[in-house]
Amino acid sequence: MKLGRSKNEASKPVALPERYDTVTLATPSGERMPARVLQRTVDTLAVAILVPMRSLSGRELAGMVLEFEGARGRARLR
């Protein structure tokens, strides 16, 4: 028995959240903060953190994850 996807079955791309949708940003240390999508293109998002906070380090920014509810459930993007 062979499990997994066949070569002909390509995975579907994740639909990005729409402009003005609220999302969550998570740092590698587990800190979570609400954010809002300001701008959306085909493969990029510009988001703004909605709460006052300290500046994030380069390490925190590099390891940040964006989470949102999509049509197929919770999505996590690096």
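The values are calculated or read from the model by the stated rules, or taken from the named source; none is laboratory data. Keep in mind that this is a model prediction, so the values were computed, not measured. Please note: Cβ atoms are built from the backbone with ideal geometry, for glycine as well, and neighbour counts cover all protein chains shown. Just so you know, the surface numbers come from the protein's heavy atoms only, side chains and all, with ligands and any DNA or RNA stripped out. Shrake-Rupley method; radii C 1.70, N 1.55, O 1.52, S 1.80 Å.
The numbered conditions (1) assigned to a loop (DSSP other than H, G, I, E, B); (2) modelled with pLDDT under 90 are all true for GLU18 except (2). In this structure, GLU31 does satisfy being of a type in the set (Asp, Glu), open to solvent by less than 100 Å² (accessible area, probe 1.4 Å), modelled with pLDDT under 95 and out of contact with any Cys (no Cβ under 7 Å at 6 or more places or on another chain).
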